[in-house]
Amino acid sequence: MSGDAVVCIMGPTGTGKTALALEAAARFDVEIVSVDSAMVYRHMDIGTAKPEPAVRRAVAHHLIDIREPWESYSAGEFRSDALRLIGAIRARGRVPLLVGGTLLYFRALGQGLAALPGADARVRAQLEADAARVGWPALHARLARVDPAAAARIRPGDRQRIQRALEVFTLTGQPLSALQGQPGGAALALCRLALVPADRARLYRQLDERLRAMVDAGLVAEVRRLLSFPLMSAASPALRAVGYRQIRAHLAGEVSLEEALRQAMVATHRLAKRQLTWLRAEVPDLSLDPQAADCPARAMAVLEAWGCRARAGDAI
C-alpha cells in the first residue's frame, strides 16, 4: 500500500461493516473514521446502529455525534474533516480506517468536489415561496427540465435537495449534476474493500429483522425525543434518514406504526440497492461477500497487505 493511501471498508447498509471494523481494531493499530451521513448526528443512536459508547471508548472512533440533528452536514464538510483526521491519525503512528456506507462521502474524499456556490438566502426564499404556491413536486418537475440527471436521483418530496439543485442552477446557470461531475481538490488514493452480498434476498430479510429489532429497542421513543427539540422539524436534515422519516410520519398521525415499518423496510431495500449500484460503478479494489464464512479472515489478510500493522498490547 502506498504511504498516501487510505484504507476503507464500504458497503450497503446492514452488511456488517462495523463488526468487521471492530475486528480489525482488535488486530491492527487503527483508528476508525465513520463515513456515515446519519451517525454524525447526536441523539440518533438506535436507528443508525451507532456503536455503543463503551465500544467507542475502547476503540477510537471519529465523525460520530458531531452535529445536532437540526444542523446540516455536507460532503464537502466531510472531506475537510476526514482529511484533517487522516493527517492526525497518521501523526500518531496509526492507520486511518474509514468505514461506512455513505458512498458520496467516499467519492468526495477520493476524487474531490467541484466548487459549488454557497447558500443564497434570496434564492432560497423565492424557491420556498414557489413551493408554497405550487408544491415541491412541481419544483421537482422544474428541476427535471433543467437538470434531468439530478431530478432522476432526487425524490419529488425531497425538498432540501430539490431546493439545493435549483439554487445551484439559478446561481450558476449550470446543472448541479454537471458541476458535481467536475473533480475539485487534490485526489486521494483509497484502498477500498467493499462488502457485496451475493444473496440480496437474504440481505433484505436481515434488514427487515434489524428494523423490527430497532423498533423493539425504542426507535419510536428516539424519534419522539428528536421531535421534542425546539429547533427540529419534519424538514430537518437528520429526519431524511431511512427509518426516521417513516416513524416521524407515524408520530404525526399520518400512518400506523405497522405501515411506517413497512414503508421503512421498502426504503431500506431501495437504499441498499442504490448503494450496490454505486459500488459497481465505483469499482472497488476488492469485493468480498459478507455472507461467506471466510469473509472476516480474508478481510483481515487484505487489510494487513494494505499496510495495517499489528497493534501493541492486548486486544480489545
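Every read-out reported here was derived from the displayed coordinates using simple, explicitly stated rules and does not represent laboratory data. Since the structure is predicted, the reported quantities are computational estimates derived from the model, not experimental observations. Note that each Cβ is placed from the backbone with ideal geometry, even for glycine, and that neighbours are counted across all protein chains shown.
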How big is the convex hull of the Cα atoms of the stretch 48-188, per residue, in Å³? 129
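Give the shape of the stretch 33-99 as rounded, prolate or oblate, defined through the alpha-carbon gyration tensor: a ≥ b ≥ c are the square roots of its eigenvalues, a/c under 1.5 means rounded, and otherwise the shape is prolate if a/b is larger than b/c and oblate if not.
Judged from the Cα gyration tensor, the stretch 33-99 comes out oblate (a/c at least 1.5, b/c at or above a/b).
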Excluding residue 93 itself, what net charge comes from residues whose Cβ is under 14 Å from its Cβ, given Lys and Arg +1 and Asp and Glu -1? +3
Once you mark the GluC sites (Glu not before Pro) that are in a DSSP loop and have at most 15 other Cβ atoms within 10 Å, what is the longest gap between them in the chain? 72-253
Taking only Cα atoms of the stretch 81-153, radius of gyration then Dmax in Å: 18.8, 57
What is the set of long-range amide H partners of residue 28 at a cut-off below 5 Å, with H atoms built 1.01 Å from backbone N? 311
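Starting from the Cα-Cα distance between residue 141 and residue 26, subtract it from 0.36 nm times their residue separation and give me the gain in nm to one decimal.
Taking residue 141 through residue 26 to full extension adds about 36.4 nm, to one decimal.
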Which cross-chain or sequence-distant (5 or more) residues have an amide H under 5 Å from the amide H of residue 190, H modelled 1.01 Å from N in plane? 6
Go through 229, 162, 246 and say which Cα lies farthest out towards the positive end of the charge dipole of the stretch 161-260; charges sit on Cβ, +1 for Lys and Arg, -1 for Asp and Glu. 162
Residues 15, 48, 102, 170 arranged by fewest to most Cβ contacts within 10 Å: 170, 102, 48, 15
Net charge (Lys, Arg +1; Asp, Glu -1) of residues whose beta-carbon lies under 12 Å from that of residue 35, residue 35 excluded, is +2
If you line up the long axis of helix 75-91 against the longest principal axis of the chain, both from Cα atoms, how many degrees apart are they, to the nearest 10? 20
³J(HN,Hα) computed for each position of the stretch 282-296 - Karplus, 6.51 cos²θ - 1.76 cosθ + 1.60, integer Hz, glycine/proline x: 6, 6, x, 5, 8, 10, 10, 8, x, 7, 7, 4, 8, 4, x
Relative to the present Cα-Cα distance, how much length would full extension add between residue 202 and residue 92 at 0.36 nm per residue of separation? 35.5 nm
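Divide by every residue of the chain the summed helix terms, -39500 (n - 2.57) for each DSSP H run of at least 4, and state the resulting mean residue ellipticity at 222 nm, rounded to the nearest 500 deg cm²/dmol.
Numbers: 14 runs with 165 residues, N = 316.
Computed ellipticity for the chain at 222 nm equals -16000 deg cm²/dmol.
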Two-site label geometry, residue 289 and residue 210: point separation in nm, points 7 Å out along Cα→Cβ: 1.9
Could you run the Karplus curve 6.51 cos²θ - 1.76 cosθ + 1.60 with θ = phi - 60° over the stretch 260-277 and give me ³J(HN,Hα) per residue in whole Hz, x for Gly and Pro? 4, 5, 4, 5, 5, 4, 4, 5, 5, 4, 5, 4, 4, 5, 4, 5, 5, 4
Under the Karplus relation 6.51 cos²θ - 1.76 cosθ + 1.60, θ = phi - 60°, what is the ordered set of whole-Hz ³J(HN,Hα) values for the stretch 239-248, x standing for Gly and Pro? 7, 7, 4, 4, x, 5, 5, 6, 5, 4
State the extension gain, in nm to one decimal, for the chain segment bounded by residue 80 and residue 278, taking 0.36 nm per residue of separation less the distance between their alpha-carbons. 69.0 nm
10 °C / 1.306 mPa s Stokes-Einstein diffusion coefficient of the chain, Kirkwood radius on C-alpha pairs, µm²/s: 76
Could you tally the net charge around residue 175, taking each other residue with its Cβ under 15 Å from the Cβ of residue 175, Lys/Arg +1 and Asp/Glu -1? +3
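Return the Rg/Rh ratio of the stretch 122-180 with Cα-based radii and a Kirkwood Rh.
Details: Rg = 10.2 Å, Rh = 11.0 Å.
Ratio of gyration radius to Kirkwood radius: 0.92.
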Listed residues 151, 264, 272, most fluctuating in the chain (Gaussian network, C-alpha, under 10 Å): 151
